[in-house]
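Below is one structure; the comments refer to it alone.
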Amino acid sequence: MNYPIWVVPYLGGPWVIGIMAIIHIFISHFAVGGGAFLALAEELAYKRKDDRIYQYLKDHSRFFVLVTTVAGAATGVGIWFTISLVSPDGTGSLIQIFTLAWALEYLFFAAELATAFVYYYTWDRIDKAAHLKIARLYFIFSCFTLVIINGIITFMLTPGKWTQNHNWFDGFFNETYWPSLLIRLSIMFAIAGMYALVTSSRIKDPEFRTYMVRFCAKWLLPVFILGPILSLWYLHEVPQATIDTIFTGIQTSGVGNFSILARAVYLSLVLSGTVILFAFFGPYLNPRGFTFRIAILFMICGLAVTGTTEWMRELLRKPYVIYDYMYSNGIRKAEIDKISQTGFLQQGKWASGLAQGQDNPTARGEIVFKYQCMSCHTEKGYRAMQKMLGERDRDSIQSFLQMLKEHDKDKNPYLGIMPPLAANDDEIKDLAAYLSTLNQKNKVTPAANICLPAL
Amino acid sequence: MDIQSVVVPSYQPLPFPAPAWFLQVLLVLGFYLHALPMNVILGGGFIASALLFLGRNDKSSYTYRCGKALATSLPIFISFAITQGIVPLLFLQLLYGPAFYTSSILMGIAWLSIIGFLLFSYYLSYIVIYKYLKKEYSPARASKASLILLVMACGFALIGFLFSNNMTLMLSPAKWLSIYKTSPFGTYLNINEPQLLPRYLHMLVASIAVAGMTLGCFGLYIKKRNLEFAQYMLKMGSKIFLAATVMQLPIGFWFLKSIPIEMTQKFLGKDLICGSVFGASMLLTLVAIIAAAMVVVNASTTSFKTALIANALIILLMIINRHQLRLHYLAPYVKPDLVPVNTQWDLLIVFIVSAVALIAYLIYLSKISIRAYAQNNTQIKSEGAESE
């Protein structure tokens, strides 16, 4: 309500973030996992004095080092751009709470990048022991970049004691920090392993290929062994209310509105199961029969798991951007009561700026809609309001909105997925007026449609 | 004008982690460290493309080899420009978020497209190297490399243009509300802004000058190995620098005229600090021009170093001026000095210690690479190696 709202028709702002985030996550996980992979494989090559592994590493380090690090950085900045367009208040808060942590992240990142370049450009120019040292440093720095960003990402779901004392340390090392860090690290190893499987499957020499495929398959082990334990630990630390939402979803699966989260959980479980079986029966037990095509399929599966898991994590946090502090629509929890009393269109710089001099109820309702609902719904596209409203007419929309205003879980079953509506009674009427225009556009004849705005 | 028509978002109800002046210093320094590599790639792309085109028929010509050296060095500068960009982006958001987020939203689509152009141009910079320059030479390949570099450079120039759009739009809160009422889809571009074009050209031409200096630095670097080529590079770089800097005089004048008269006067002396920074940069420009002209005549390294240092200082001073312009524009609307401060000493100390450690580490790394290349490069192996 503080900023103008960027309207993205049909797709909706959150999906713009989603698309950018998925690309970034794939690339950056490659980059971090790749750093580890290169270092450990070089360790192996050094110990066994195996020139074939050296050659393999040299062939692939350009992609791993240069493309992933820089593309990772560029898409990382891309996420920054998108979140600040879609939720400027949320982004602004994260920046302000952790400014110096971001700055520290930058230092680690600069170190990682410099090391990556030295690593790449000194192949065959310095002796093998010295190069191995650089590879190890590269591994360490690529993990370090994760150490920081993980604190900020987990903070959004579990801000811990920060909500009371606003101390960055409590927010950063929050309840889910450690399980999440370990999960991420093991996922990164797995992704690096999968990428390496793809490249290894193209090695010509059959004996060496078998050897490398086996070596790469081992990279998936941490995720298989530790994954379930770490996930349980993680879920144990997540707020109870969120867990309840998952279970409500599982009980009403497929029919209720809560089912998306449950569906995400299912999807993630099924896909990881597939990957586990795949990895065991494929490359590990039968490295000889592991072809390039299987490797690609394998990787697609792996990326799908990562994608859905990240998606699930995002859903867990709904309806908040920063749990218990700020809702997805940028309204802070602490402000809601005041807004409900004085009215939403009086609060917030841009919301009130747009509302001034605007007497048409539908137009006022549209402003409330943009600010309070559009961070999750679109008019006609993704999670369309038109569809969500179903058969409801203006009166039933109004009573729905009255319910959405309640803070009590028994009265407002939607609290776990939607923020409580922050508006006074007049604004609820206006919002209902606006929403009913969306609904009727569907059914009424074009002639009647034209009359509607005059309502 | 009705005061209600100027809508400026408020800051988050949270304290700053350090005093505003300190954050301002980090913003300016961070931008400086970003601007240096950024200028190299922006101008370097165009210059490399031109040199490769001019030297396309003879791979042993200095022109071709200069172009190749510049082109092969670009990816490193690109990644440093991106990494360094994080710092000013961070502090700009923190200090001027209310203005910067708003203007970004108003031009959201163009703003996001920057990421696409960046990946595209970055990718091209590698294509040129690995698909053309490192392959066996042929005049056709050289021409194609030149063309791709030109496309790449245009991509970067476009990114710069979009940045200039946002950096000027954020300075004009009075325009925002009516822009948003015309279109909430983020389709705006600030083309009607009088200072946009001169400001952008000022940056673009400066990048050509910086690329010239970069070429001269390559000359310094290979001087012991190949004196004649080194002198060619020093002269060529200084010529490019001179040409661009002479062009800056009318463009800079135009830029100065395009901003409101009360601001122009501040730079011309009405405000002591603005005026002295501006005056110092003018004096240094004179020094740089004379020194560069001497390099063109006698390829003297001392003169070149003088021009180089003067130029590095000019850029810093101009960036300070640019920041002052922003302060003047936003003074009535956005006041970072009024945000409460709660200094996070613990993190601040960790940050400063890490920053020092990083510098030490970078020195260590560059020693390793210099040694690695010194051993192998008793004769010039490849241009790509030199540009390291």
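Quick notes
- Qualifying residue in segment B:279-302 (condition: out of contact with any strand residue (DSSP E or B) (no Cβ under 7 Å at 6 or more places or on another chain), outside any helix (DSSP H, G or I) and within 14 Å of chain A (Cβ to nearest Cβ)): no
So that you can scan it fast, the table gives a plain yes or no per residue for (1) of a type in the set (Ser, Thr, Tyr); (2) buried (at least 17 other Cβ atoms within 10 Å of the Cβ):
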residue	(1), (2)
B:Phe156	no, yes
B:Ser172	yes, yes
B:Ile179	no, yes
B:Phe185	no, no
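- Taking the numbered list (1) among the aliphatic types (A, V, I, L, M); (2) in the same structural domain as B:Val87 (by TED's automatic domain parsing); (3) out of contact with any Phe, Trp or Tyr (no Cβ under 9 Å at 6 or more places or on another chain) in turn, B:Leu358 passes all entries but (3).
- Members of segment A:337-372 found to be within 23 Å of B:Gly97 (Cα to Cα) and hydroxyl-bearing (Ser, Thr, Tyr), listed by number: A:Ser352, A:Tyr371
- Residue pairs meeting the criteria (Cβ under 9 Å; at least 6 apart or on separate chains; first farther than 15 Å from A:Ile339 by Cβ, in segment A:400-428; second assigned to a loop (DSSP other than H, G, I, E, B) and among the acidic types (Asp, Glu)): A:Asn412/A:Glu406; A:Leu415/A:Glu406; A:Leu415/A:Asp408
- Of A:Thr75, A:Thr99, A:Thr69, all but one fail to be over 24 Å from A:Ile183 (Cα atoms), of a type in the set (S, T, N, Q) and facing another protein chain (nearest Cβ under 10 Å); the exception is A:Thr99.
- Among the residues of segment A:245-297, those that are modelled with pLDDT of 70 or more, polar (S, T, N, Q) and not in a helix (DSSP H, G or I) comprise A:Asn286, A:Thr291.
- A:Leu44 being part of a helix (DSSP H, G or I), at pLDDT 90 or above and farther than 28 Å from A:Tyr323 by Cα: yes
- Checked against the criterion of being farther than 16 Å from B:Cys217 by Cα, under 21 Å from the mean Cα position of the chain (by Cα), in contact (Cβ under 8 Å) with a residue 40 or more places away in the chain and in the same structural domain as B:Met233 (by TED's automatic domain parsing), the candidates B:Met318, B:Met282 yield just one match: B:Met318.
- Among the residues listed as B:Lys59, B:Lys68, the single one being of a type in the set (Lys, Arg) and over 26 Å from B:Leu242 (Cα atoms): B:Lys59
- Take the conditions (1) at the interface with chain B (Cβ under 10 Å from one of its Cβ atoms); (2) of a type outside the set (A, V, I, L, M, F, W, C); (3) in a helix (DSSP H, G or I); A:Asn150 misses just one of them, which is (1).
Okay, residues lined up against (1) under 28 Å from B:Leu201 (Cβ atoms); (2) more than 10 Å from chain A (Cβ to nearest Cβ):
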{"position": "B:Leu119", "(1), (2)": "yes, no"}
{"position": "B:Tyr130", "(1), (2)": "no, no"}
{"position": "B:Ala140", "(1), (2)": "no, yes"}
{"position": "B:Ile159", "(1), (2)": "yes, yes"}
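- Matching helices (runs of 4 or more DSSP H) fully within segment A:315-399 where at least 3 residues are more than 14 Å from every other protein chain (Cβ to nearest Cβ) and surrounded by 17 or more Cβ atoms within 10 Å (Cβ to Cβ): A:336-342, A:361-372, A:385-389
- Every residue from segment B:189-233 that is modelled with pLDDT of 95 or more and of a type in the set (Lys, Arg): B:Arg199
- Residue within segment B:19-31 that is more than 14 Å from every other protein chain (Cβ to nearest Cβ), more than 22 Å from B:Glu136 (Cα to Cα) and under 19 Å from the mean Cα position of the chain (by Cα) present: yes
The values are calculated or read from the model by the stated rules, or taken from the named source; none is laboratory data. Predicted model only: the values in this text are computed from it and were never measured. Neighbour counts run over all protein chains shown; Cβ positions are idealised from the backbone, glycine included.
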